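Visitor: Have a look at this one before I ask anything.
The values are calculated or read from the model by the stated rules, or taken from the named source; none is laboratory data. Keep in mind that this is a model prediction, so the values were computed, not measured. Positions of Cβ are backbone-derived with ideal geometry, glycine not excepted, and every protein chain shown enters the neighbour counts. Heads up: the accessible areas ignore ligands, DNA and RNA and are worked out on the full protein's heavy atoms, side chains in. Shrake-Rupley method; radii C 1.70, N 1.55, O 1.52, S 1.80 Å.
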Amino acid sequence: MSSIEEIPNEVGKLIHLRRLNLASCRELESLPETMCDLCNLQSLDVTGCRSLNELPRAIGKLVKLRHLWIDGSSVAFMPKGIERITCLRTLDEFIVCGGGENESKAANLRELRNLNHIGGSLSIWNLGRGIEDASDAAEAQLKNKKRLLRLVLDFDFNSENGILIEVLRPPSDLENLTISSYGGLELPYWMMTLTRLQVLTLGHCVNLEVLPPLGRLPNLESLELSGLKVRSLGVGFIGIKSVNEGEIARFNAFPKLKKLWMWNLKEVEEWDGIERRVGEDANTTSISIMPQLRELRIENCPLLRALPDYVLAAPLQELTVTGCPILRKRYGEEEMGGDWHKISHIRNIYI
């Protein structure tokens, strides 16, 4: 943590400066406009500057800037003109303003259009607050940011945003995706085109009742579900379109999934296996569902009745169940009876 509280106006005279690291200057409240005279500046880091509410208005003059970090600051909006910084390789956050006293100074999503070199991680906050968000988002052309590997889409809680999320299609090589506070009823079609996706987090999407066939994502290794309205995790979640035995016999779902966390799914009751649907036919022996699952964590899912057979057959090394009274009663300690024997092989059990 730094004790710097103010940057002098004279900083603009350091025209050969290339890197400016102000990370963790917690008392720093503003940056002088003269900073935008640093014509050779390539890197600006204000992460952790929790008192900093605003970036310089003329930041678009920093045309050689390649890296801009603002995570952990209190920056409330992105200033207009950021679209001119086409050399940007790193932009860790983009905050949508959505009206108010800062609207005249704030950039909208369309200013991301020409920033096609940004890569690594990008978080977009407050989606849905702007009146023209959908049209702005379409012009942002996120799918052209080929170097992006991680994307966070955080929505305004009170907006449904169905159209908005459809036009926020990321590049096909994305590896890590978080969608939070999304108010729509279903997830976008493009999610199932992300065949290289390794990490998926869906949080506080309180109207979301049905999940897409996530089991068909071939490289998914980590899945976190929290605060959804889902009532059942059935064959659709696994990715089976029908109960035709021939199709199921050749099916491989969640082939690389290692970690599954489920939090605050207060309405989910059923987590179905498929055996009850297809019977005991010999063809079922070639089914593979979550064959690499190592860690399962279930918290505050009070109505969930049982774990599916394919989870019980997975090579689990850690199982954590809290705030799930029905599951605890069913899979509790051995002396309590129930189905303890079905999980007793797991190395670490916390119930």
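Visitor: Looking only at residues that are in contact with a Leu (Cβ under 9 Å, 6 or more places away or on another chain) and either open to solvent by less than 20 Å² (accessible area, probe 1.4 Å) or not in a loop (DSSP other than H, G, I, E, B) (or both) in region 49-60, which one is farthest from SER3 (Cα to Cα)?
Guide: ILE59
Visitor: Kindly indicate whether any position in region 141-155 is modelled with pLDDT of 95 or more, of a type in the set (Lys, Arg), in a loop (DSSP other than H, G, I, E, B) and open to solvent by 20 Å² or more (accessible area, probe 1.4 Å).
Guide: So far as region 141-155 goes, yes, one or more of its residues are modelled with pLDDT of 95 or more, of a type in the set (Lys, Arg), in a loop (DSSP other than H, G, I, E, B) and open to solvent by 20 Å² or more (accessible area, probe 1.4 Å).
Visitor: A further question follows. What is the one condition in (1) modelled with pLDDT under 95; (2) open to solvent by 30 Å² or more (accessible area, probe 1.4 Å); (3) in contact with an Asp or Glu (Cβ under 7 Å, 6 or more places away or on another chain) that TRP69 does not satisfy?
Guide: (1)
Visitor: Could we say that LYS64 is closer than 18 Å to HIS117 by Cβ and open to solvent by 50 Å² or more (accessible area, probe 1.4 Å) here?
Guide: Criteria met by LYS64.
Visitor: What are the residue pairs meeting all of these: first residue in region 40-62, first residue among the β-branched types (Val, Ile, Thr), second residue buried (at least 22 other Cβ atoms within 10 Å of the Cβ) and part of a loop (DSSP other than H, G, I, E, B), Cβ atoms under 7 Å, and 6 or more apart or on different chains?
Guide: Within 7 Å, the pairs are VAL46/LEU52; VAL46/ILE70; VAL46/SER73; THR47/ILE70; THR47/SER73.
Visitor: Sticking with this one: Among the strands (runs of 3 or more DSSP E) contained in region 293-351, which hold 2 or more residues that are touching a strand residue (DSSP E or B) at 6+ places or on another chain (Cβ under 7 Å) and buried (at least 16 other Cβ atoms within 10 Å of the Cβ)?
Guide: Correct list: 295-299, 318-322.
Visitor: Can we say SER226 is closer than 24 Å to PHE157 by Cα, open to solvent by 10 Å² or more (accessible area, probe 1.4 Å) and at pLDDT 95 or above?
Guide: Yes: the conditions hold for SER226.
Visitor: Using beta carbons and a limit of 9 Å, which pairs, at least six apart or on different chains, have the first residue in region 96-113 and free of Cβ contacts under 8 Å to residues at least 60 places away in the same chain and the second one outside any loop (DSSP other than H, G, I, E, B) and of a type in the set (Val, Ile, Thr)?
Guide: Within 9 Å, the pairs are VAL96/ILE124; ALA106/ILE95; ALA107/ILE82; LEU109/ILE124; GLU111/ILE82; LEU112/ILE82; LEU112/ILE124.
Visitor: Quick test of your reading of the structure: TRP125 fulfils all but one of (1) open to solvent by 30 Å² or more (accessible area, probe 1.4 Å); (2) more than 18 Å from the chain's Cα centre (by Cα). Name the failing condition by number.
Guide: With respect to (1) open to solvent by 30 Å² or more (accessible area, probe 1.4 Å); (2) more than 18 Å from the chain's Cα centre (by Cα), TRP125 is out only on (2).
Visitor: Output the number of residues of region 1-16 satisfying the condition of being closer than 22 Å to ASP71 by Cα and either modelled with pLDDT of 95 or more or open to solvent by less than 30 Å² (accessible area, probe 1.4 Å) (or both).
Guide: Of the residues in region 1-16, 1 are closer than 22 Å to ASP71 by Cα and either modelled with pLDDT of 95 or more or open to solvent by less than 30 Å² (accessible area, probe 1.4 Å) (or both).
Visitor: Kindly establish whether GLU83 is part of a helix (DSSP H, G or I), open to solvent by 30 Å² or more (accessible area, probe 1.4 Å) and either touching a residue at least 12 places away in the same chain (Cβ under 8 Å) or out of contact with any strand residue (DSSP E or B) (no Cβ under 9 Å at 6 or more places or on another chain) (or both).
Guide: Answer is yes for this residue.
Visitor: Okay, moving on. Restricting to region 156-174, what's the tally of residues that are touching a residue at least 40 places away in the same chain (Cβ under 8 Å) and surrounded by fewer than 18 Cβ atoms within 10 Å (Cβ to Cβ)?
Guide: 2
Visitor: Another one. What is the one condition in (1) in a loop (DSSP other than H, G, I, E, B); (2) open to solvent by 20 Å² or more (accessible area, probe 1.4 Å); (3) more than 23 Å from LEU142 (Cβ to Cβ) that ALA76 does not satisfy?
Guide: ALA76 satisfies every listed condition except (3).
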